[in-house]
Amino acid sequence: MISIISPAKTLDFSTKTLELPYSIPVFTQEASALMEELKKLNPDDLQALMNISRPLADLNYTRFQDWSLPFTAENARQAILAFKGEVYTGIDAYNLSKDDILYADNHLQILSGLYGVLKPLDLIREYRLEMGTKLQNKKGKNLYEFWGNTITEQIRTALNAQNCNTLVNLASNEYFKAINTKLLGADIITPTFKDFKKGSYKVISFYAKKARGLMVRFIIKNRISTIDDMKHFEEEGYFYNDVLSTQKEIVFTRG
């Protein structure tokens, strides 16, 4: 079973890193091609393109200008430790064992606008580039056109490496759209997390993001390999809801 998640907008390159091995992203040359386009843009361009504040535009302008190959342990950080956000708070990688992280490296894929697909131990440099960004490039008018079926084929490779055909979709819609599900040909299961509010169960983004990370952690620590075993997830008050679940979507509710 392979799980997919989205990256985070915020990064942590300051916390003391763990003693872990590292790898190089498979699509560094593609990332370099995108970076060539990004380096042409000034802060005003970036602010308009990415719909971000001027301080963030200045920050990412500097990041893009500083970005270069090769990646080393001195100028980059493993993706699972570099991303910071609610999903990654749920994963809590700094409190996983080395064996857990090595297991995650074979069973978890992080989708990325810049890097395409990342394994948890792949080194990355600081960046911000959401998959939905309409960045003109040599392959098209946005990142979906740039990546084409490349991400799909890489996920298929990861599934084949584990001799499985089940993909657990814990990514946001923005990133999941980068996968051609027909070409992938896998059984795709989407866990959904809902809280009871004003008389009904609703997806509340802030809580759902952390819950997706908690599910990743649950899968990693318990070496979950079947959908039935996933249904035993009971973190932070969530329980499997058989009534709301379907064959393709397993729903967890609380409240």
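The values are calculated or read from the model by the stated rules, or taken from the named source; none is laboratory data. Values in this document were obtained by computation on a predicted structure and should not be read as measured data. All Cβ positions, glycine included, derive from the backbone under ideal geometry; neighbour counts span all protein chains shown. Areas reflect the complete protein model, heavy atoms only, side chains present, ligands, DNA and RNA absent. Shrake-Rupley method; radii C 1.70, N 1.55, O 1.52, S 1.80 Å.
If you scan the stretch 157-179, which residues turn out to be within 16 Å of the chain's Cα centre (by Cα) and not in a loop (DSSP other than H, G, I, E, B)?
A158, L167, V168, N169, N173, E174, Y175, F176
Pairs, please: C-beta under 6 Å, at least 6 apart or cross-chain, first residue within 24 Å of I188 (Cβ to Cβ) and at pLDDT 95 or above and in the stretch 5-27, second outside any loop (DSSP other than H, G, I, E, B) and among the polar types (S, T, N, Q)?
P7/S112
Here is a list: K194, K182. Which entry is of a type in the set (D, E, K, R), over 14 Å from the mean Cα position of the chain (by Cα) and outside any strand (DSSP E or B)?
K182
Taking T89 as meeting all but one of (1) touching a residue at least 24 places away in the same chain (Cβ under 8 Å); (2) under 29 Å from K141 (Cα atoms); (3) not basic (K, R), write down the number of the exception.
Unmet for T89, out of (1) touching a residue at least 24 places away in the same chain (Cβ under 8 Å); (2) under 29 Å from K141 (Cα atoms); (3) not basic (K, R): (2).
Per-residue answers, yes or no, for (1) closer than 14 Å to V216 by Cβ; (2) open to solvent by less than 40 Å² (accessible area, probe 1.4 Å); (3) modelled with pLDDT of 95 or more:
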| position | (1), (2), (3) |
| --- | --- |
| P55 | no, no, yes |
| D58 | no, no, yes |
| Y61 | no, no, yes |
| Q65 | no, no, yes |
| F71 | no, yes, yes |
| A76 | no, yes, yes |
| F83 | yes, yes, yes |
| D92 | yes, no, yes |
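Would you please name the residue that is nearest to G148 (Cα to Cα), looking only at residues in the stretch 34-52 that are open to solvent by less than 40 Å² (accessible area, probe 1.4 Å) and outside any loop (DSSP other than H, G, I, E, B)?
The selected residue is L34.
Of (1) free of Cβ contacts under 8 Å to residues at least 24 places away in the same chain; (2) of a type outside the set (A, V, I, L, M); (3) under 16 Å from T10 (Cβ atoms), S112 satisfies all except one. Which?
(1)
Which of (1) open to solvent by less than 30 Å² (accessible area, probe 1.4 Å); (2) in contact with a Leu (Cβ under 9 Å, 6 or more places away or on another chain); (3) closer than 24 Å to I110 by Cα; (4) not in a helix (DSSP H, G or I) does I220 not meet, given it meets every other one?
Just one mismatch for I220, condition (4).
For R156, which of the numbered conditions (1) closer than 25 Å to Y207 by Cα; (2) out of contact with any strand residue (DSSP E or B) (no Cβ under 7 Å at 6 or more places or on another chain) fails to hold?
Result: R156 fails condition (1) only.
Yes or no: G199 open to solvent by 50 Å² or more (accessible area, probe 1.4 Å) and of a type outside the set (S, T, Y)?
yes
Is it the case that the stretch 235-247 has a residue that's of a type outside the set (D, E), buried (at least 19 other Cβ atoms within 10 Å of the Cβ) and either on the phi > 0 side of the Ramachandran plot or not in a loop (DSSP other than H, G, I, E, B) (or both)?
No; the residues of the stretch 235-247 include none that is of a type outside the set (D, E), buried (at least 19 other Cβ atoms within 10 Å of the Cβ) and either on the phi > 0 side of the Ramachandran plot or not in a loop (DSSP other than H, G, I, E, B) (or both).
Has the stretch 15-31 got any residue that is of a type in the set (S, T, N, Q), under 14 Å from G113 (Cβ atoms) and either buried (at least 18 other Cβ atoms within 10 Å of the Cβ) or out of contact with any helix residue (DSSP H, G or I) (no Cβ under 9 Å at 6 or more places or on another chain) (or both)?
No: the stretch 15-31 contains no residue that is of a type in the set (S, T, N, Q), under 14 Å from G113 (Cβ atoms) and either buried (at least 18 other Cβ atoms within 10 Å of the Cβ) or out of contact with any helix residue (DSSP H, G or I) (no Cβ under 9 Å at 6 or more places or on another chain) (or both).
Of the residues Q78, Q29, Q47, only one is out of contact with any Cys (no Cβ under 8 Å at 6 or more places or on another chain), among the polar types (S, T, N, Q) and over 16 Å from L123 (Cα atoms); which?
Q47
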